[in-house]
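Notes follow once the structure below has been shown.
The values are calculated or read from the model by the stated rules, or taken from the named source; none is laboratory data. For clarity, every value in this text was computed on a predicted model and none was experimentally measured. Cβ atoms come from the backbone with ideal geometry, glycine included; neighbour counts cover every protein chain shown. Heavy atoms of the whole protein, side chains included, go into the accessibility calculation; ligands, DNA and RNA do not. Shrake-Rupley method; radii C 1.70, N 1.55, O 1.52, S 1.80 Å.
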Amino acid sequence: MKTSIIIIDDHQLFREGVKRILEFESSFEVAAEGDDGSEAMDLVEQYNPDVVIMDINMPNINGVEATKMLVERYPETKVIILSIHDDENYVQHALKTGASGYLLKEMDADALIEAVKVVADGGSYLHPKVTHNLVREYRRLAADEKTGGDAQHTPEIRRPLHLLTRRECEVLQLLADGKSNRGIGESLYISEKTVKNHVSNILQKMNVNDRTQAVVLAIKNGWVEVK
């Protein structure tokens, strides 16, 4: 069965661009489009989509408010927030209201397709730049707790060679650096397909559902450096 998607964004040209990208994926079906949060409620009730891609800044009902109402009324429908804001406060607020994903509008096509697949499968997906900002803040807070706010303290990094191969450790570090699959491939001089295979192996070995969970767990264990 195809993944059914609704796109909600008040900029028609951007909405059409997102739709065009999604329609390249044979397993996706764009069921409907809308331009504000109130319309999103009506469309979800009518089409019962698997995923809603929701702009955060819209007239009448904004994306965060609409997400909260959607998740409460239609818990099986997953929401991916689209935003120009990479500040962790925006991200945390969106996730607290029930969003399963958060993408920046500077995303590339691969990130959009990957996000929909991950979220439709029950996982969560954050734009790599957003992930990097969040985990950097998490690492700072964790370091403050351990050192009493000593900014000069640098925690020891212990690569998880008992669990991952050296190449997988490199990929995990680049995930924590906020690199996309394409960026990781360019950094390591390997194909995106090979990167995807490494990421899949990392998730399986770490027993997590998505790359965000993998990075957070790696930071908790001191397996990666957050720059």
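With respect to Asp9, is the statement that it is touching a Lys or Arg at 6+ places or on another chain (Cβ under 8 Å), within 18 Å of His85 (Cα to Cα), at pLDDT 90 or above and open to solvent by less than 40 Å² (accessible area, probe 1.4 Å) true? Against the criterion (touching a Lys or Arg at 6+ places or on another chain (Cβ under 8 Å), within 18 Å of His85 (Cα to Cα), at pLDDT 90 or above and open to solvent by less than 40 Å² (accessible area, probe 1.4 Å)), Asp9 qualifies. Helices (runs of 4 or more DSSP H) fully within the stretch 110-205 that include at least 3 residues being at pLDDT 90 or above and either open to solvent by 60 Å² or more (accessible area, probe 1.4 Å) or assigned by the TED database to the domain that holds Glu29 (or both): 166-176. The residues of the stretch 67-90 that are over 20 Å from Met107 (Cβ atoms) and surrounded by 15 or more Cβ atoms within 10 Å (Cβ to Cβ), listed by number, are Lys68, Met69, Leu70, Val71, Tyr74, Thr77.
For (1) closer than 14 Å to Asp9 by Cα; (2) touching a residue at least 24 places away in the same chain (Cβ under 8 Å); (3) part of a loop (DSSP other than H, G, I, E, B), each residue gets a yes or a no:
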{"site": "Ala32", "(1), (2), (3)": "yes, yes, no"}
{"site": "Ile61", "(1), (2), (3)": "yes, yes, yes"}
{"site": "Glu72", "(1), (2), (3)": "no, yes, no"}
{"site": "Ile81", "(1), (2), (3)": "yes, yes, no"}
{"site": "Tyr90", "(1), (2), (3)": "no, yes, no"}
